[in-house]
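Working notes, structure below.
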Amino acid sequence: MSCTTYNKNEACVANPHSSCSQVMFFLFFFRREKTRIEHLQWEQRLMEEKNKRRKALLAKTIAEKSKQTQAEAVKLKKIQKELQALDDSVSNDIGILRRLIEQASLEYSTAW
């Protein structure tokens, strides 16, 4: 008589009257646990690779956004300088117009 038998699902069923039944049970149990642990380790490696790819993509995206932000900041400074130049030009033109109006007003008042 053998120390183990197999049912239709290939599961090991230990013979309680056999001297090796406990050994066979533990062998079966440890093989199953080893397979489960190997599967979990494989899943862990997959997750680590997936996380590594995500991290790289995130770093790339952050770098691109940072570069875009810096480019926009440079554009904004340029626009601010241009606006300041326009403001100075308008202020200068307004000053000229005021002086011309004042001069015309004085000439008009002295002409009467």
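Each reported figure results from applying straightforward, stated rules to the coordinates on display, with no laboratory input. Because the structure is a prediction, the values reported are computed rather than measured. No Cβ is skipped: glycine too gets one built from the backbone with ideal geometry, and neighbour counts run over all protein chains shown.
Inter-label distance, Trp112 to Lys65: 6.8 nm, where each label sits 7 Å from its Cα along the C-beta direction. For segment 4-111, the residue among Ile101, Gln22, Met47 whose Cα projects farthest onto the positive side of the dipole built from Cβ charges is Gln22.
Bridging of Lys75 to lysines at a Cα separation below 27 Å is possible for Lys60, Lys65, Lys67, once same-chain residues fewer than 8 apart are set aside. Ellipsoid fit via the Cα gyration tensor, segment 4-111: semi-axes of 94, 11, 7 Å, each the root of five times an eigenvalue, largest first.
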